[in-house]
1. What's the magnitude of the charge dipole for the chain around its Cα centre, counting Lys and Arg as +1 and Asp and Glu as -1 at the beta-carbon? Answer in Debye, nearest 20.
2. With the dipole of the chain worked out from charges on the C-beta (+1 for Lys and Arg, -1 for Asp and Glu) around the Cα centre, which of Leu60, Ser33, Ser123 lies farthest toward the positive end?
3. According to a simple spin-label model (label point 7 Å from Cα along Cα-to-Cβ), what is the distance in nm between Asn31 and Ile161?
4. Shape call for the stretch 21-92 from the C-alpha gyration tensor, a ≥ b ≥ c root eigenvalues: rounded (a/c under 1.5), prolate (a/b greater than b/c) or oblate?
5. Which chymotrypsin sites (Phe, Trp or Tyr not before Pro) from the stretch 1-48 combine a DSSP loop assignment with at most 15 other Cβ atoms within 10 Å?
6. Once you charge only the Cβ atoms, +1 for Lys and Arg and -1 for Asp and Glu, what is the size of the charge dipole of the stretch 1-65 about its Cα centre, to the nearest 20 debye?
7. Can you tell me what percent of all Cα-Cα pairs in the stretch 99-151 are more than 14 Å apart?
8. If you wrap a convex hull around the alpha carbons of the chain, what volume per residue comes out, as a whole number of Å³?
Amino acid sequence: TDPVYQSFPVSDANVTQWKTDAEAGGTYNGNYSVGWAGATLGPKKIVGDLTVNGGGTLTLTGTLWVTGNITLNGGALIQLSSSYSTNDGVIVADGTITISGGGHATGSGTSGNYIMMLSTSSSTSAISVSGGAGAVIAYAQNGTVAVSGGASLKEATGYRITVDGGSSITYESGLTNNNFSSG
């Protein structure tokens, strides 16, 4: 028999609140790019795309909302600021999220601290992770989370999830009680 339907753990109200929290920090119009010099950002709404590459590090100090796509590659890193302490952080993208080429998204270094990369896209590639991910939570309730090329996730939730090429999703027991800094 078909399994009993389970509601997605993140509501539309949660997503709306995170977008409001990000927008409260101001709006950046245009594509935002982080290279080797790195950057610190948040809370912030980016009307455009976010790209982190070339070994660059983006340190989040608040919730981000990207109206376009997010690309993380070339050994790049997105990490939470130590100010998050034991709380978790969120990046919301209305477009797709692509993590590849040794890119990583991770918490602040505190045990049990995570970053959630959430896509509202209904695309078959709403979130695509290959060749590295770190302590990341991938969430795409309307689209597909595709994990390949030896990538490793801490959690994935999606309308559809595909895992291949030696990749893994390792759900940790503490993930059921996440405490995001903005609700």
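1. Details: 5 positive and 10 negative charges, 51 e Å.
That gives a dipole near 240 debye.
2. Positive-most Cα among the choices belongs to Ser33.
3. Computed distance between label sites Ile161 and Asn31 equals 3.2 nm.
4. Working: a/c = 1.90, a/b = 1.08, b/c = 1.77.
It is oblate, given that a/c is not under 1.5 and a/b is not larger than b/c.
5. Values: sites: Tyr5, Trp18, Tyr28, Tyr32, Trp36; in loops: Tyr5, Trp36.
Filter output for the stretch 1-48: Tyr5, Trp36.
6. 240 debye
7. Here the tail beyond 14 Å accounts for 51 percent of pairs.
8. Considering the Cα atoms of the chain, their hull volume per residue is 108 Å³.
A short reminder: the numbers here are calculations on the coordinates, not readings from a lab. It should be emphasised that the depicted structure is a prediction, and the values quoted were computed from it without experimental measurement. FYI the Cβ positions are ideal-geometry reconstructions off the backbone, even for glycines, and counts take in every protein chain you see.
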